[in-house]
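Peer 1: I'd like to ask some things about the structure below.
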Amino acid sequence: MSDNKVYLVVKVKITPLLIKEFNEYWMRDCLPFWLKHGATHIKSFVNYCGGSSNEIFRLFQFDDISNWGQFEKELAESEEGKAMKKELYSNWNIVVERRLLKSL
C-alpha cells in the first residue's frame, strides 16, 4: 500500500568547526519557518564516516507533492523565505544538495 507522502533530504556541507553554531542558528531561525509552512522534521544526522564530519543531513516529510510545492513557493516568493535563504547563503560557507523522494 502506498501513500502520497513525499520526503525531502537536505544535505549541507559546512566547515566542521562551524557545525555546532550552524545547527543552533538553523534550529532557532530556519526550522520554525519550515514547520510553519507544512514540513515535518523527521530527523537530522551528521556523517561521521571517514574523519571529521562536514555533512549534515536533514529529513523532512510533506503530506503530498502539492504540500511540498506550496512550501517551495513560500520559500522562493515570501519576504521571510527570501531573507532566510539570503542569510543562509551569504553568512555561512555552505553547499546545499536537496533530494525529493516519494513513498512506494
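Peer 1: For segment 61-76, list residues with backbone N below 12 Å from a point placed 7 Å from the Cα of LYS5 toward its Cβ?
Peer 2: Within reach of a label on LYS5, which here means backbone N under 12 Å from a point 7 Å along Cα→Cβ, segment 61-76 contributes 61-64.
Peer 1: Anyone know which of GLY81, GLY38, GLY69 comes out most mobile in the 10 Å Cα GNM of the chain?
Peer 2: Taking springs between Cα atoms under 10 Å, the residue moving most is GLY69.
Peer 1: Rounded, prolate or oblate: which one fits the chain, using the alpha carbon gyration tensor with axes a ≥ b ≥ c (rounded when a/c is under 1.5, else prolate when a/b beats b/c, else oblate)?
Peer 2: oblate
Peer 1: Specify the inter-centroid distance of segment 70-89 and segment 1-69, based on alpha-carbon positions, in whole Å.
Peer 2: Between the Cα centres of segment 70-89 and segment 1-69 lies a distance of 15 Å.
Peer 1: Which net charge results when you count Lys and Arg as +1 and Asp and Glu as -1 among the other residues whose beta-carbon is under 10 Å from that of LYS13?
Peer 2: -1
Peer 1: If you take every residue apart from ASN4 with its C-beta less than 12 Å away from the C-beta of ASN4, what net charge results, scoring Lys and Arg +1 and Asp and Glu -1?
Peer 2: -1
Throughout, read-outs are computed from the coordinates displayed, never taken from laboratory work. This is a predicted model, so every value here is computed, not measured. Backbone-built Cβ (ideal geometry, glycine too); neighbour counts: all protein chains shown.
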